[in-house]
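The values are calculated or read from the model by the stated rules, or taken from the named source; none is laboratory data. Quantities reported herein were computed from a predicted structural model and do not represent experimental measurements. Note that each Cβ is placed from the backbone with ideal geometry, even for glycine, and that neighbours are counted across all protein chains shown. For accessibility, only protein heavy atoms count, side chains too; no ligands or nucleic acids. Shrake-Rupley method; radii C 1.70, N 1.55, O 1.52, S 1.80 Å.
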Amino acid sequence: MSDLRVVIWRHGQTDWNIQSRFQGHSDIPLNRVGEYQANHAANILAGMNPNRIISSDLIRARQTAAPLLELTKINLEIDAELRETHGGNWEGKTEDENLAEDAQNFRAWLTGKDIKAGETGESRKDVAIRARQAVDRAIKDASGTIIFVTHGGTARCLFGSFLNLPYENWAALGGLSNACWSVLEPKSHGWTLACT
């Protein structure tokens with residue numbers, strides 16, 4: 001696996017991103033800015049010569065992948081386990097609405113406590129397990145560059161898992177901006193965040 005590169009690419013901007021709405025599993029498309037971001041990023045990512053592109057099944061991720069598919073002529077693979085965190089009762093609501101309706105739990109979530117989002121959604125550890133399974137399946141016996149098109153929360157969970165960070169430190173990772181990516185590479189001592 002010495003020449004393996006795992007690229008974690010967040011989807012472009014949506015209207016819900018601008019409104020600070022919890023998107024979760026809601027299937028929200030890119031807005032015009034998001035489409036521009038995806039096109040711009042694709043021109044750079046194509047230079048990495050990916051051999052596989054695997055996306056969340058949600059439309060904002062698939063739309064982000066589309067310009068890269070055109071440039072590389074690679075067929076898109078879909079894996080629903082790369083989806084964003086299910087937001088439960090918080091999904092579709094703004095940060096202000098969730099603070100007004102469920103302040104204690106929402107503040108706990110924002111500060112990195114491992115609770116289920118919106119009572120009926122997923123915890124970050126839940127997301128890490130399912131997303132990591134998707135990536136591990138794809139990279140088994142693989143080489144070259146594989147691009148995973150996913151979501152901000154899912155990306156953070158993947159980084160925490162791959163870098164073996166204690167859960168309480170995951171919040172320190174921040175989050176990928178829309179249409180940005182980071183590269184993970186396997187080394188003799190474990191996975192390394194090669195660039196971001």
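In straight-distance terms, cross-link reach from K93 covers every one of the lysines whose alpha-carbon lies under 26 Å from its own, apart from those fewer than eight places away in the same chain; here that gives K113, K116, K125.
Using the heavy atoms of the protein chains alone and a 1.4 angstrom probe, what is the accessible area of the chain per residue in square angstrom? Working shown, then result.
Values: 9260 Å² over 196 residues.
With the other protein chains kept in place, the chain gives 47 Å² per residue.
Plugging the Kirkwood radius over Cα pairs into Stokes-Einstein for region 21-74, at a temperature of 37 °C and a viscosity of 0.692 mPa s, what D comes out in µm²/s?
Details: Rh = 11.7 Å.
Rounded to a whole number, D works out at 281 µm²/s.
Counting only C-alpha contacts under 8 Å and six or more residues apart, can you give the relative contact order of region 143-196 as a whole percent?
Details: 41 pairs, mean separation 15.4, N = 54.
With pairs under 8 Å counted, the relative contact order is 29 percent.
Values (1) 91, 48, 24; (2) 45, 42, 38; (3) 47, 40, 23 are given for comparison; Cα extents along the principal axes in Å, derived from the coordinates here, is the one labelled (3). One chain, two ends: N43 and A171. Fully extended at 0.36 nm per residue, the span grows by 43.1 nm beyond their Cα-Cα distance.
Mean separation of Cα pairs under 8 Å and 6 or more residues apart, divided by the residue count, gives region 59-193 a relative contact order of 24 percent. Computed in the context of the full set of protein chains, the accessible area of the chain at 1.4 Å probe radius has 47% of its extent on carbon or sulfur.
Cross-link reach is defined here as a Cα-Cα straight distance under 22 Å, omitting same-chain residues fewer than 8 places apart; for K187 the lysines meeting it are K140. For region 1-128, a crude dipole built from +1 on the beta carbon of Lys and Arg and -1 on the beta carbon of Asp and Glu, taken about the Cα centre, is about 420 debye to the nearest 20.
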